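Okay, structure first, notes after.
The values are calculated or read from the model by the stated rules, or taken from the named source; none is laboratory data. Note that the structure is predicted; figures quoted are calculated from it, not measured. Every residue, glycine among them, receives a Cβ derived from its backbone with ideal geometry; neighbour counts consider all protein chains shown. Surface areas here come from the heavy atoms of the whole protein model, side chains and all, with no ligands, DNA or RNA. Shrake-Rupley method; radii C 1.70, N 1.55, O 1.52, S 1.80 Å.
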Amino acid sequence: MTYEAITAEANAQGNAGVTLLTINRPKALNALNSQVLEELIHAFAAYQADDTQLCAVLTGSGEKAFAAGADIKEMSDKAAADFYLEDFFGPWTSEIVKKTRKPWIAAVNGFALGGGCELAMMADFIIASDNAKFGQPEINLGVAPGMGGSQRLTRAIGKSKSMEMCLTGRMMGAEEAERANLIVRVVPQAELVIETLKTAATIASKPPMATIANKEMVNSAFEMTLDQGLIVERRIFQILTASEDKAEGMAAFIEKREGQWKGR
Ligand code: CAA
């Protein structure tokens, strides 16, 4: 597939095993139209299928926006029946979230509003530039979040703050987002992509099967009871002890050398 609305770069900027995906509609503040979302699904599937790529970073082009939301112009004339019959946003979001078992990080470089905030929250974690602004302003359009905002934002920052943001549509700056645990850290805008690629390269240097297992475990904490989650954790841990990478990792520690990973 040839991409027009995004770009995809494997081994990005010399970082082995790291794929950089960039939403590329800067004039529309990287608004998420159906072309962007379809290309992103394809790019995430290609990343997942490529055994040489072990962590991905998603960002927006330009200095102003990660993504200023779903494309309002595309949605404005669409009939409610079509939104419902197409299960609008459903297939896109479940394709990206459920089929990407390998880790990916959102590098939020400016506005992450509505669907943009929701897309960032689908990532395993978010690193943001100092000019980042997060928000769920759908209330101002007479609608409400539709790509997971009311659920993921509430799980990330708690009911009060999430409720206030959804009801008022106000934006949250990067510093507040860090205090509220929405993001991991804030970096100067000029360094955002380089810093996030560095973090991704660290992840890509770890034993790949254990990386997927760690992601699966942490996500289980949001999807099941504590007892069920603890069982999932123990079983995955026990399975990993049979891996070649476990034998190598423990031998490497004892022999005081770096591990050489096979991903099995
Ligand atoms: N959809 C389509 N186009 C958008 C857009 C969006 N979500 N956000 C910005 N744009 C376009 C603008 O229409 C404008 O295009 P033109 O030059 O052709 O007029 C261009 O991007 C630049 O935007 P502004 O001139 O508005 O830039 P600004 O600096 O004055 O304001 C902003 C920036 C505050 C982010 C403002 O653009 C804005 O409020 N955007 C909409 C934010 C929003 O409501 N997002 C939620 C969308 S609904 C949604 O996402 C549903 C869901 O839950 C999935």
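Enter the mean projected area of the convex hull around the alpha-carbon atoms of the chain, in nm², rounded to one decimal.
15.3
Work from the charge dipole of the range 63-123 (Cβ charges, +1 for Lys and Arg, -1 for Asp and Glu, about the Cα centre) and give the residue of Ala70, Ala80, Ala123 farthest towards its positive end.
Ala123
Angle, helix 159-168 long axis vs. longest principal axis of the chain, Cα atoms, 0 to 90°, nearest 10?
The angle comes out at about 30 degrees.
Find out how many positive minus negative residues lie around Ala221, taking Lys and Arg as positive, Asp and Glu as negative, among other residues whose Cβ is under 11 Å from that of Ala221.
Neighbourhood net charge equals -2.
Net charge near Leu29, counting Lys/Arg +1 and Asp/Glu -1 over other residues with Cβ under 13 Å of its Cβ?
Taking every other residue near Leu29 into account, the sum is +3.
Roughly how much of Leu167 is accessible, in Å² to the nearest 10, using a 1.4 Å probe?
About 110 Å², ignoring ligands and nucleic acids.
Quickly work out the Met250-to-Leu141 label distance, labels modelled 7 Å from Cα along the C-beta direction, and quote it in nm with one decimal.
Inter-label distance under the simple model: 5.3 nm.
With just the Cα atoms of the range 179-252, tell me how far they stretch along each of the three principal axes, in Å, largest first.
43, 35, 13
Output the 0 to 90 degree angle, nearest 10, between the alpha-carbon long axis of helix 208-223 and the longest principal axis computed from the alpha carbons of the chain.
So the helix axis and the longest Cα principal axis differ by about 50 degrees.
Per residue, how many Å² of accessible area does the chain show with a 1.4 Å probe?
With the other protein chains kept in place, the chain gives 53 Å² per residue.
Return the carbon/sulfur percentage of the accessible area of the chain, one whole number, probe 1.4 Å, all protein chains in place.
It is 56 percent, rounded to a whole number.
Using a 1.4 angstrom probe and counting only protein chains, how large is the accessible area of Val218 in Å², to 10?
Probe radius 1.4 Å; accessible area of Val218 about 90 Å².
Any idea of Tyr47's accessible area? Nearest 10 Å², probe 1.4 Å.
Rounded to the nearest 10, the figure is 10 Å².
Pull up the DSSP beta bridges for the chain and report the antiparallel fraction as a percent, rounded to 5.
That works out to approximately 20 percent antiparallel.
I want the local charge near Leu197. Using Cβ-Cβ distances under 12 Å, sum +1 for each Lys or Arg and -1 for each Asp or Glu among the other residues.
-2
Taking only DSSP H segments of four or more residues, each worth -39500 (n - 2.57), what value at 222 nm results for the chain once the sum is divided by all its residues, to the nearest 500 deg cm²/dmol?
-14000 deg cm²/dmol
Within 10 Å of each candidate Cβ there may be at most 15 other Cβ atoms; applying that plus a DSSP loop requirement, which GluC sites (Glu not before Pro) in the range 78-165 survive?
When the GluC sites (Glu not before Pro) of the range 78-165 are filtered for loop state and at most 15 Cβ neighbours within 10 Å, Glu86 remain.
Rounded to the nearest angstrom and ordered from largest down, what semi-axes does the equivalent ellipsoid of the range 53-137 get from its C-alpha gyration tensor (root of 5λ)?
Result for the range 53-137: semi-axes of 24, 18, 9 Å.
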